[in-house]
Amino acid sequence: MLAMFFWAFVVGGLICVVGQLLFDVAKLTPGHTMSLLVVIGAVLDGLGLYEPLVDFAGAGATIPITSFGNSLVHGALQDAQAHGIIGVLTGMFQVTSSGISAAIIFGFIGALIFKPKG
Amino acid sequence: MASKQKKMTPQQKNYQTLQQKHELKRPVLKNCIKAFLVGGLICLIGQAVSYFYIYYFNFTEQNVGNPTVATMVFFSMLLTGFGVYDHIGQFAGAGSAVPVTGFGNSVISAAIEHRTEGFVLGVGGNMFKLAGSVILFGVFSAFVVALIKTLLVMWGVL
Amino acid sequence: MLKGQQSWVFDNRPMITATGVTGGPFEANGNLSSDFDLLYDDLWMGQESYEKAHRLLLEEAIKVALKKGEIEKDQVQFLFAGDLINQITPTSFAARTMQIPYFGLFGACSTSMEGLALSSFVVNYQGANYVLTGASSHNSAVEKQFRYPTEYGGQKPPTAQWTITGAGVALVETNKPGQDNPVTTSATIGKVIDMGLSDPFNMGGAMAPAAADTIIAHFRDLKLDPSYYDLIVTGDLGRIGHNTTAELLNKSGLKLKQGQFQDCGLLMYKEDQPVMAGGSGAGCSATVLYGHLLNEMKKGTYKRILVVATGALLSPLSFQQKDSIPCIAHAVAIEMNGEKG
């Protein structure tokens, strides 16, 4: 269990370092950087490389935004296996809903109860 | 970027070389260390949250991702709402932007900010200002990747 | 009178008889807080939105200037003012409250000197008895429009600047001989200069060539030497832009003394305030000039100053469309009346 904590810290930290290099060296905007990382996550799952990373690093792989791409591909592939090619469209949000739903719901609640501090 | 270089006059190029001497350089190494530490810490917290759900709510390692992510976004709502996340962000850069908490912060901060324009046009119309591209490219790239893989499997290549 | 290519000389020496300077919480903790007439301890200022607070900043600055000048708003012929917000609505709404015939200006952060130059011209040629001019900005309203939501955790690089929350307004009227107030003596209107820089987080670097161009034009048109002025101060070039401009001026042959060349964005805040490369915004040059610098002139620290406000004429859209940042700078010379009075 302790090992998992360690690797979650290290792998999560390293993915963030990649992001920081995209900010500071490639001079990309946050929007560009996050979009790129999500695409990378999707491609890695397509190549079968992301799931092993999740098994190894736990939250270190599921918390960074790259896992979004991974979940979307996963959901799509699962449904495609079951229902054929149309599953690529129908399956995507099966596995990923929590992140986006949470952001929308908490965003709205946030707007109801908070005022920006500037 | 390349096309911009072509259109620059010699005068502009000379100036840009001069200006770069005075430009305060970004402390890349320092930023990377801070990003590593904060990003790692956020993932560490996520791991703790996962174990909490596994032991107390009978989630498995396979499906604990969902409540974990939702909980992390909830935390980012609190930090954003209390005016703390922007300070963390200035310190940690990608360390707080790359984890899913950064995604939550981008949606929530936009929602909170645009409340002054009303809930429908302000909050609803502006919430995805920053996160929209992540959702767009995430979904589209997943579509392409999954399509390619499925076709390759169907044709017996994989 | 036209002098040279792009400058005016104000032979009738229009006088700045009163000013009003308002600011926000960050400025209250800054270097020049004692030079502000009114400071708010909260960015909302009791209003429902940042944009409405922005408007209040300017309205209150105008009211202070009128009170100190001991005149009523009905006596003022014109208001020349602007800000950074889309369609300069905060200024326009303030003009609606004040009911003064209004010239809305947009020069980004160079608006203050654009306004002072035009006001001086109008008063000099008896187009008005009293004119109010000013510029303002509000940190949160500007961040919301140009960059990111204020609670967003984005990381600003060290070249970024901090938009000040403040409004600076001056009352300009015909010269009153014997009164030792600051007077405007000349102005140089700048051209739009674009050296191909496109990073919206490095405004200073983009604006420096415009500042240098206008300063060089001023000394060329008026056939003066930099030593004529006790102080040459730029609006909001910040650390990077200011150093770059200094080098550009040096290369062009203009010799500046140690301490003679300063920047409003660098004067405004204390070292420990997190403003990266310095303060910026339409209100920056206005609040520093109409508060601190004119106070210093009245104390006798400076007899003749040249104020060069610099603006970056970009929009959030132009950046997304991969346009570079065109910039402009306007210069106005201010001297104490007692000199030749």
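The values are calculated or read from the model by the stated rules, or taken from the named source; none is laboratory data. It should be emphasised that the depicted structure is a prediction, and the values quoted were computed from it without experimental measurement. Heads up, the Cβs are rebuilt from the backbone with ideal geometry, glycines too, and the neighbour counts pull from every protein chain shown.
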Test: residue in the range B:100-111 that is at the interface with chain C (Cβ under 10 Å from one of its Cβ atoms) and either touching a strand residue (DSSP E or B) at 6+ places or on another chain (Cβ under 6 Å) or touching a residue at least 40 places away in the same chain (Cβ under 8 Å) (or both): yes
Scan of the range B:58-70 for residues that are polar (S, T, N, Q) and either in contact (Cβ under 8 Å) with a residue 24 or more places away in the chain or within 13 Å of residue A:8 (Cβ to Cβ) (or both), ordered by number: B:68
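Is it the case that the range C:207-219 has a residue that's of a type outside the set (Gly, Ala, Ser) and outside any helix (DSSP H, G or I)? Break it down stepwise before answering.
Narrowing the range C:207-219 to residues of a type outside the set (Gly, Ala, Ser): C:207, C:209, C:213-216, C:218-219.
Right, trim to outside any helix (DSSP H, G or I) and you get none.
So far as the range C:207-219 goes, no, none of its residues is of a type outside the set (Gly, Ala, Ser) and outside any helix (DSSP H, G or I).
Residue by residue through the range C:303-323, note down the ones that are of a type in the set (Ser, Thr, Tyr) and either modelled with pLDDT of 95 or more or surrounded by 23 or more Cβ atoms within 10 Å (Cβ to Cβ) (or both). Before you say what the answer is, go through the steps one by one.
First, pick out the residues of the range C:303-323 that are of a type in the set (Ser, Thr, Tyr): C:310, C:315, C:318.
Once the filter is applied, which keeps residues that are of a type in the set (Ser, Thr, Tyr) and either modelled with pLDDT of 95 or more or surrounded by 23 or more Cβ atoms within 10 Å (Cβ to Cβ) (or both), the range C:303-323 yields only C:310.
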Residue match in the range A:74-89 (condition: in a helix (DSSP H, G or I), more than 7 Å from chain B (Cβ to nearest Cβ) and charged (D, E, K, R)): yes
Members of the range B:74-93 found to be in a helix (DSSP H, G or I), within 7 Å of chain C (Cβ to nearest Cβ) and not hydroxyl-bearing (Ser, Thr, Tyr), listed by number: B:86, B:88, B:89, B:90
Of the criteria (1) more than 10 Å from chain C (Cβ to nearest Cβ); (2) loosely packed, with under 13 Cβ neighbours inside 10 Å, which one residue B:11 fails: (1)
Filter result for the condition that a residue is within 11 Å of chain B (Cβ to nearest Cβ), more than 30 Å from residue B:78 (Cα to Cα) and outside any helix (DSSP H, G or I), over C:198, C:186: C:198
The range C:101-158 - residue that is within 14 Å of chain B (Cβ to nearest Cβ) and aliphatic (A, V, I, L, M) and, of those, farthest from residue C:44 (Cα to Cα): C:142
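If you take the residues of the range C:1-56 that are within 27 Å of residue B:115 (Cα to Cα), of a type in the set (A, V, I, L, M) and outside any strand (DSSP E or B), which of them is farthest from the chain's Cα centre (by Cα)?
C:45
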Single condition residue B:30 does not satisfy, out of (1) within 8 Å of another protein chain (Cβ to nearest Cβ); (2) surrounded by fewer than 19 Cβ atoms within 10 Å (Cβ to Cβ); (3) within 28 Å of residue A:24 (Cβ to Cβ): (1)
Failed condition for residue B:63, given (1) modelled with pLDDT under 90; (2) assigned to a helix (DSSP H, G or I); (3) more than 8 Å from every other protein chain (Cβ to nearest Cβ): (2)
